[in-house]
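Below: the structure, in C-alpha cells.
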Amino acid sequence: MWEELREEVPEGGLTLTKAELAEMLFERVGLNKREAKDMVEMFFGQIRESLAVGKGVKLSGFGNFNLRDKPQRPGRNPKTGEAIPITARRVVTFHASQKLKLMVDGDFEAARHFDDLLDH
C-alpha cells in the first residue's frame, strides 16, 4: 500500500486543494459531491475557529497545531541595515505525532501497530 502511495506523489511533494480533497472523498468514500465539499469545509473551519480563539488542535495519529506567542525582538532592514523592531505576534506551530514520525522515517510496520502499542 505505501509503495503505491509513494509512486503517486510527485517528486516535489503534494499540494492538495480543498476541491481535490472533496473529490477524493467523493471517489473513495462514496459521499456525494455536496457532502464531500461540506465535510472538507467543516474540517478546516473547525481547525481555523479553534486556533482563532486561542485553542490548539490535536489530530490523533497525525499531529498537533499549537499557538505560540513570540515576543518583540530587534530586527534589521536587509537593504539599509537600519535597526527596526519586529513586533510581538502569535504564530501557529505544528508538531508531528509519534505515529507520523515513524511513517516519515519509513517504519510503516511500527506505525501500523502504534495504536496497539499505546494500549498495552
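The numbers here are math on the coordinates, done by the rules we state, and not lab data. Everything numeric here is computed off the predicted structure, so don't read it as measured data. Cβ: placed from backbone, ideal geometry, glycine included. Neighbour counts: every protein chain shown.
Were the residues from T15 through D38 laid out at 0.36 nm apart, the gain over their Cα-Cα distance would be 6.3 nm.
Exposure proxy ranking for L59, L102, based on other Cβ atoms within 10 angstrom of each Cβ and starting from the fewest, stands as L59, L102. Summing charges over all other residues whose Cβ lies under 9 Å from the Cβ of D69, with Lys and Arg as +1 and Asp and Glu as -1, gives +4. From the Cα gyration tensor of the chain, with a ≥ b ≥ c the square roots of its eigenvalues, which class applies: rounded if a/c is under 1.5, or else prolate if a/b is larger than b/c, or else oblate? Prolate.
Put in order of Cβ neighbour count within 10 Å, fewest first, the listed residues V53, V92 become V53, V92.
Students often get this wrong, so check it: of K18/K101; K18/K79; K37/K70; K18/K55; K55/K99; K33/K55, which have C-alpha atoms separated by over 28 Å? Present the calculation step by step, with values, prior to reporting the outcome.
Details: K18/K101 25 Å; K18/K79 38 Å; K37/K70 35 Å; K18/K55 23 Å; K55/K99 23 Å; K33/K55 31 Å.
Pairs exceeding the cut-off: K18/K79; K37/K70; K33/K55.
Between amide H atoms placed 1.01 Å from N, distances below 5 Å from G63 occur with S97, all of them 5 or more places distant or on a separate chain. The relative contact order of the chain, computed from alpha carbon pairs under 8 Å that lie at least 6 residues apart in sequence, is 15 percent.
The residues packed around R90, meaning those with a beta-carbon under 10 Å from its beta-carbon, carry a net charge of +2 if Lys and Arg are +1 and Asp and Glu are -1. Look at R28, R112 and count the other Cβ atoms within 10 Å of each Cβ; fewest to most, that gives R28, R112.
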